[in-house]
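Trainee: Okay, here's the structure, questions in a sec.
Every number here is computed from the coordinates shown, using simple stated rules; none is lab data. Predicted model only: the values in this text are computed from it and were never measured.
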Amino acid sequence: MAEIEFITAEVCPFAQRTHLALKEKGLDYDHAEVDLKNKPAWFEEVSPYSKVPVLKHDGAVVYESAIINEYIEERFPEPPLMPADPRTRAAARVWIDYCNTRFIGAFYGALSAKGEAAQGEAAAKLTGMMVYMEEAGLGPLGSDPYWLGAAVSLVDLAFWPFFERLPAVTHYRGVGIPDSCPRLAAWNAAMEQRESVRKTRHDAAYYIKSYARYDAPAAAAE
């Protein structure tokens, strides 16, 4: 039995964040898959928010993906997924917070908007956020492939699951990485090549099918 128990659902982008961290660290873990539409009784006992992921380790039960990933980083510091410099570490946390509090809302807002006007506004908001990420986050790094430079970090793992699912937004709402964001496109390509991503990912067709509930015509009621 492994030291770590990872409770997940493969469709969940937040769970994939932690799955990526476990793979990047090269850790052994037991893997329990939960059907989010038919959650077992035992799951409510370990997940107070009734959400995945959940990590059980050394007597601790940790939930919320960003918190779990910080826990993994602190308990298993090699290879590092956060910078040693406090200023850069703070910048990393700011970008993770940006992902959690702004980008994710815009991502799902683009999918869930009803009506032509609302969908156009939501699409523009998501596009604008990606332009901001290009200009304020990735652009200044030059040729380095990842968010904080040459090494992958928790920032990359926070954003990646939503970019893996971006083809569904492109399919249903016509929003993809803007042509004006070459660094963001290069980051996306670099992430696709990581072994952790290859071992946890699904293809575009999987997400297009999974997100079919968002297939509403633009002319729907406002």
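Trainee: Any idea what diffusion coefficient the chain gets from Stokes-Einstein, in µm²/s, Kirkwood Rh on alpha carbon pairs, 20 °C, 1.002 mPa s?
Mentor: Working: Rh = 18.3 Å.
D = 117 µm²/s.
Trainee: In whole Hz, with x marking every Gly and Pro, tabulate ³J(HN,Hα) for region 89-103 from phi via Karplus 6.51 cos²θ - 1.76 cosθ + 1.60, θ = phi - 60°.
Mentor: Per-residue couplings from phi come out as 5, 5, 4, 4, 5, 4, 5, 5, 5, 4, 4, 5, 9, 10, 5 Hz.
Trainee: Over the chain, what relative contact order in percent results from Cα pairs under 8 Å that are six or more residues apart?
Mentor: Taking the mean separation of contacting Cα pairs over the length of the chain, I get 22 percent.
Trainee: Once every DSSP H run of n ≥ 4 in the chain is given -39500 (n - 2.57) and the sum is divided by its residues, what mean residue ellipticity at 222 nm do you get, rounded to the nearest 500 deg cm²/dmol?
Mentor: Values: 11 runs with 112 residues, N = 222.
Theoretical 222 nm ellipticity from helices: -15000 deg cm²/dmol.
Trainee: Sticking with this one: Read phi for every residue in region 114-129 and hand back ³J(HN,Hα) as whole Hz from Karplus 6.51 cos²θ - 1.76 cosθ + 1.60, θ = phi - 60°, with x for Gly and Pro.
Mentor: For region 114-129, the Karplus-derived couplings read 10, x, 4, 5, 5, 5, x, 5, 5, 5, 5, 5, 5, 4, x, 5 Hz, x marking Gly and Pro.
Trainee: A follow-up question, please. So how many Lys-Lys pairs in the chain land under 29 Å Cα to Cα, not counting same-chain pairs under 8 apart?
Mentor: Lysine pairs satisfying the spacing and distance rule in the chain number 28.
Trainee: Hey, another quick one. How high is the relative contact order of region 1-75, in percent, counting Cα pairs under 8 Å that sit 6 or more residues apart? Before the final figure, lay out each step's value.
Mentor: Working: 101 pairs, mean separation 29.3, N = 75.
Once normalised by length, the contact order is 39 percent.
Trainee: Mind jotting down the distance between the C-alpha centroids of region 151-202 and region 42-97, whole Å?
Mentor: What the calculation gives is 21 Å, centre to centre.
Trainee: Continuing with this model, one more query. Using a Gaussian network for the chain with springs between C-alpha atoms less than 10 Å apart, which of these wobbles most: 126, 36, 154?
Mentor: 36
Trainee: Hey, what do the phi angles of region 161-168 turn into as Karplus ³J(HN,Hα) couplings, whole Hz, using 6.51/-1.76/1.60 and θ = phi - 60°, x for Gly and Pro?
Mentor: Once θ is set to phi - 60°, the couplings for region 161-168 become x, 7, 6, 4, 8, 4, x, 5 Hz.
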